[in-house]
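Reading through the structure tokens given below for one structure.
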Amino acid sequence: MPDTSRLVIGVAGRIGSGKTEVARYLEQECGFQYLRYSLVLAEWCKTHPDAKAQLQQVGWNVMSGEGQRELNRRLIGQIQHGRDCVVDGLRHPIDFESLKNGFASRFFLIYIDTPAEIRFQRLRERYKSYADFVAADSHPVESNIELIVSLASAVLPGTLPMQEIDAEMHGLVESFRTAEAL
């Protein structure tokens, strides 16, 4: 039976889109518990969470090896009872399905849509060249992200200044608290 006692918001988008900024806003300004798929994956597979290339490969191994449901089981197991939660980094329709099945009308997905050029500028320190960025952004583990855009309760442009995103998030949280997911 789904848990409908708390609000769970998933945040999805391509690498460098601003997912973590939005999720951290919900943690810091709204008191949400913060969980991140990559941290749960790193803990499960005993990989360093800052080793992005290695983490992408581990993520792909989990995703392609039918381990995505187990990853979701582990993540959902970390959601604290009675507390709103934001989940950073949904990458697959199974992620959406697992959270929707677990939290029913109290689960909402926000997708951050940001052009590649802006995402690359945000990640210049991580990727030496645009070609390196494109290679990471094209990794197979990133290939299912576009499949969940249509499942989003809201799509935010990642080009908005953080002050406007904050205002948008405040409005979305209020509407999510009073509405049921589509």
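The values are calculated or read from the model by the stated rules, or taken from the named source; none is laboratory data. None of the values given here were measured: they were computed from a predicted structure. Positions of Cβ are generated from backbone atoms using ideal geometry, with glycine treated the same way; all protein chains shown enter the neighbour counts.
Some observations on this one:
- Comparison of 99, 160 shows that the only residue that is in a helix (DSSP H, G or I) and of a type outside the set (Val, Ile, Thr) is 99.
- Residues satisfying the stated conditions in segment 87-125, i.e. of a type in the set (A, V, I, L, M), over 16 Å from the mean Cα position of the chain (by Cα) and closer than 18 Å to residue 137 by Cβ: 116, 118, 123
- Among the residues of segment 112-121, the one identified as out of contact with any Lys or Arg (no Cβ under 9 Å at 6 or more places or on another chain) and either under 13 Å from residue 22 (Cα atoms) or in a loop (DSSP other than H, G, I, E, B) (or both) is 115.
- One residue stands out in segment 131-146 among those that are assigned to a helix (DSSP H, G or I) and in contact with a helix residue (DSSP H, G or I) (Cβ under 6 Å, 6 or more places away or on another chain): the one that is surrounded by the most Cβ atoms within 10 Å (Cβ to Cβ), namely 133.
- Residue ID - nearest to residue 6 (Cα to Cα), chosen from residues in segment 147-174 that are at pLDDT 90 or above and exposed (fewer than 12 other Cβ atoms within 10 Å of the Cβ): 174
- Residue 112 vs. criteria of a type in the set (Val, Ile, Thr), in contact (Cβ under 8 Å) with a residue 24 or more places away in the chain and within 11 Å of residue 13 (Cα to Cα): yes
- Residue list for segment 62-80, restricted to those being free of Cβ contacts under 8 Å to residues at least 40 places away in the same chain and outside any helix (DSSP H, G or I): 65, 66, 67
- Lone qualifier among 76, 112 - being at pLDDT 90 or above, buried (at least 19 other Cβ atoms within 10 Å of the Cβ) and more than 18 Å from residue 7 (Cβ to Cβ): 112
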